[in-house]
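Undergrad: First the structure, then my questions, so here it is.
The values are calculated or read from the model by the stated rules, or taken from the named source; none is laboratory data. These figures come from a predicted structure and were not determined experimentally. Because the Cβ atoms are built from the backbone with ideal geometry, glycine has one as well, and the counts that use them run over all protein chains shown. These accessible areas exclude ligands, DNA and RNA; they are computed on the full protein's heavy atoms, side chains included. Shrake-Rupley method; radii C 1.70, N 1.55, O 1.52, S 1.80 Å.
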Amino acid sequence: MPITSFLVDNLTALAKAGAPVAAWLAKHDPDPEIIFGRIVKNRHGTLDWRMDNGQGIFEALPPALHYRDWRPSEGLEGGATVIVGTALGYGLNHVLTGVPPSHRIVVLEPRPDLLMACLSQTDYRPFIANGQLTFLPPERQLLEKTLHGLDVSFLFARINVRNDMPSTQLGPEYAQCAGLVRAILENMSVDLTTLRLKQEVMVGNELRNFSRAMHDGSLARMAGAATGLTAVLLGAGPSLPRLAPAVARHRDKALFATALQTLPALERLGIKPHLCLAIDFNTDMGKCLSNLRDPAFAADVPLIYSTKMQPEVVERYPGPTLPLWTEGGMATYVLKDLELVLDAGGNVGVTLERFLTWAGARRFVLVGQDLAWRADATHAAGHHAATSGTSGIRLKNRDGETLFTHLGFVAAKRDLEKDFAAPDVRAYNLYGGGAVIAGAPEIDPDTLDDPAFFAGQGMALRVFLDALARAAAPRTRPVFSQKAGEWASSLKNASKRLEKLMRKADKHQGELKHLLGQIQLFLRHDPLYMPYLYNEIMELAGMIHTRPRIGVKEMTQFQALRKRVLAKIREIDALLGPTDSFAA
């Protein structure tokens, strides 16, 4: 078959759009003659891709049957479909011709020859030009960035995943790519659900904690303080009580770090950590403090608290406190040059590991970090969420036994494995029968008793704890100018313009959506206010991209949204302006 004009035109369009897949194809440079030698008509008279065994990938079942259910049935406007494997484009074309232009389609093809074959059969230039269709090479970082860009589809419509079964006959890379897509979307689901439901609470807590955090100190002073240190990360998994005696005798040799949730369990086991950390913003953190038999147990255990925590919980803590600023909140942009702003992940064990890695630690021992449970107990006694049960995701441990876990633990496991893959990190898992964590080989208690295991750690521990004490000194408090008046005036003018266009809404649909887009950009323009306005920003995006028409209902929603925005701006001005004060 000769080289068709579609291939040249599509490659030119991808290069013009700056698509990374164009550079990927140029790098691999598959031979077009070999590619077109593979495209044949099978015994059914259907265009097919010939495998090495001479069979076509559509010999057993024609394309119409493979792809008949690929078109999404709901969430079309503003939705998205992720396709793994192009084959010759049958499935992609079936979806493209059945969804509106607002429906994004992302295609991940791990084989450059198959992608070239697909691009040779159909003219995709209009879909590439309008941004509806994106082709991706099998690069995780690029895939994560692209899928995270589908947040509006996730929140207000639907993201569909379609795995091209005929392509799986060609090799394991298709199943691997499908697994990668699934893992990224699962993590994204946890993150976006948290943001949508709780971002307002978390950033509201940050605002209320702001003055206290300035008084409590700065972890930015801890850079390099953990160099040469071994950190023992104590979790509240079911194995903790069994492993605790073997660990306790080494407390003076390494940093014992834990979560606030684990503190009551450690109290019962007679192990006092050197520090604890908390990131959760919900009321359960108060239960952790109530579960302490004697609050004095924590009186000399510093708490590193996420500024997104409820101020009332931080206030109750009986020991010293230090603030941790995390990404996604007000510090992401306005404090990034003044403070440590950490990508905390969604699990406190991951947060501990990332903070200590940032501070210079490169050696970790996991204890009680089971990330799974058997039927009898989910956590060690003393943990506020300790219970029993067999619900959840099933997995196998090292010995082939069935365990249970949940999506949050699965995401934490992936995050730890990703972090432990760094070439200079050494991690060990004092294994108690829980989930296997790649990059953290299992060890037994006898390993800890080897004199060489913690050699020289006492000095590194003292250096770290001295630096932690010095970090707990008040820092200069930045003051932000108040802008509620400017915002009120701008939004009032925009509202008047919308009302004018709404008088002839059918005639001005394009202008209405454009103006709403401009308002959304305005809500995003100031990095101090943007995190607290997350829900309003996303609601506008949902209105623009998932509503086929802007009408009276949308105008009513906008007016309510405008009132919420102004109330939040006034709240920020009141809490961060020059009149705010904090009584120690």
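Undergrad: What value in Å³ per residue do you get for the convex hull of the alpha-carbon atoms in the stretch 61-110? Show your work: numbers first, answer last.
TA: Numbers: hull volume 3.4 nm³, N = 50.
Per residue, the Cα convex hull of the stretch 61-110 comes to 69 Å³.
Undergrad: Lysines within cross-link reach of Lys253: Cα-Cα under 21 Å, excluding same-chain residues under 8 positions apart?
TA: Candidates past the 8-residue exclusion: Lys272.
Undergrad: Let me ask you something else. For the chain, what is the calculated [θ] at 222 nm in deg cm²/dmol (nearest 500), taking -39500 (n - 2.57) for each run of four or more DSSP H residues and dividing by its residue count?
TA: About -13500 deg cm²/dmol.
Undergrad: Would you mind getting me the FRET efficiency between Leu338 and Ala385? Use the beta-carbon distance for r and R0 = 45 Å, nearest 0.05.
TA: On the way: r = 35 Å, r/R0 = 0.78.
For R0 = 45 Å, the calculated efficiency reads 0.80.
Undergrad: Tell me, rounded to the nearest percent, the portion of alpha carbon pairs in the stretch 218-268 spaced more than 13 Å apart.
TA: Pairs farther apart than 13 Å: 64 percent.
Undergrad: Let me ask something additional. Consider all pairwise Cα distances in the chain and report the whole-number % of them above 38 Å. Write down the numbers at each step before the final one.
TA: Working: 75221 of 170236 pairs.
Cα-Cα pairs in the chain separated by more than 38 Å: 44 percent.
Undergrad: Using Cα atoms only, what is the angle between the long axis of helix 484-502 and the major principal axis of the chain, expressed in degrees (0 to 90) to the nearest 10?
TA: Helix 484-502 and the main axis of the chain meet at about 20 degrees.
Undergrad: Would you mind putting 392-401, 170-179, 290-299, 411-420 in packing order, based on average other-beta-carbon counts within 10 Å, highest first? Let's see the in-between values first.
TA: Values: 392-401: 12.3, 170-179: 15.8, 290-299: 14.0, 411-420: 20.6.
Highest to lowest by the protection proxy: 411-420, 170-179, 290-299, 392-401.
Undergrad: Something else now. Across bins of 10 angstrom width beginning at 0, how are the C-alpha pair distances of the stretch 142-197 distributed, in whole percent?
TA: 21, 48, 23, 7, 0
Undergrad: For the residue pair Glu186 and Glu327, what label-to-label distance in nm results when each label sits 7 Å from Cα along the Cα-to-beta-carbon direction?
TA: 2.1 nm
Undergrad: Using only the alpha-carbon atoms, how far is helix 407-420 inclined from the longest principal axis of the chain? Give it as 0 to 90 degrees, nearest 10.
TA: 80 degrees
Undergrad: For Lys553, go through the aspartates and glutamates and keep the ones whose alpha-carbon is under 20 Å away, minus same-chain ones fewer than eight residues off.
TA: Glu77, Glu499, Asp506, Glu511, Glu536, Glu539
Undergrad: Another one. With θ taken as phi - 60° and the coefficients 6.51, -1.76 and 1.60, list the Karplus ³J(HN,Hα) couplings across the stretch 367-382 in order, rounded to whole Hz; mark glycine and proline as x.
TA: With coefficients 6.51, -1.76 and 1.60, one gets 10, x, 8, 6, 6, 5, 8, 8, 5, 7, 7, 8, 9, 5, 4, x Hz.
Undergrad: Once the Cα gyration tensor of the stretch 345-450 is found, what semi-axes does its equivalent ellipsoid get, as square roots of 5 times the eigenvalues, in whole Å, sorted largest first? Mind showing how you got there, number by number?
TA: Values: eigenvalues 108, 51, 35 Å².
Equivalent ellipsoid semi-axes, largest first: 23, 16, 13 Å.
Undergrad: Which distance in nm do the two modelled labels at Thr12 and Asp466 give, with both placed 7 Å along the Cα-to-Cβ direction?
TA: Between Thr12 and Asp466, the simple spin-label model gives 6.9 nm.
Undergrad: Right, something else. Whose amide H sits under 5 Å from the amide H of Val365, counting only residues 5 or more places off or on another chain, with H placed in the peptide plane?
TA: Ala231, Val232, Leu233, Tyr428
Undergrad: On average, how much accessible surface per residue is there in the stretch 21-64, in Å², for a 1.4 Å probe, leaving out ligands, DNA and RNA?
TA: Values: 2500 Å² over 44 residues.
Accessible area per residue, the stretch 21-64: 57 Å².
Undergrad: Between 0 and 90 degrees, rounded to the nearest ten: what's the tilt of helix 173-216 against the longest Cα principal axis of the chain?
TA: 40 degrees
Undergrad: Further question: State, to one decimal in nm, how far the label point of Lys500 lies from the label point of Ala567, with both points 7 Å from Cα in the Cβ direction.
TA: Reported label-point gap for Lys500 and Ala567 is 3.0 nm.
Undergrad: When the distances between all Cα atoms of the stretch 1-84 are binned every 5 Å from zero, what whole-number percent does each bin get?
TA: 3, 11, 14, 16, 18, 20, 14, 5, 0
Undergrad: Which whole-number percentage describes the relative contact order of the chain, with Cα contacts under 8 Å and a sequence gap of 6 or more?
TA: Working: 998 pairs, mean separation 85.2, N = 584.
The normalised contact order for the chain reaches 15 percent.
Undergrad: Hey, got the Cα dimensions of the stretch 33-153 along the principal axes, in Å, largest first?
TA: Result, largest extent first: 44, 30, 23 Å.
Undergrad: Then there is this: How large is ³J(HN,Hα) for each residue in the stretch 49-65, as worked out from phi by the Karplus curve 6.51 cos²θ - 1.76 cosθ + 1.60 (θ = phi - 60°), to whole Hz, x for Gly and Pro?
TA: Calculated HN-Hα couplings, in order: 10, 7, 7, 4, 7, x, 7, x, 6, 10, 4, 6, 8, x, x, 4, 7 Hz.
Undergrad: Right, another one. Any idea what the alpha-carbon Rg over 2.2 N^0.38 Å comes to for the stretch 466-584? If you can, show how the numbers build up before the last one.
TA: Numbers: Rg = 18.8 Å, N = 119, 2.2 N^0.38 = 13.5 Å.
Here the answer is 1.39, to two decimals.
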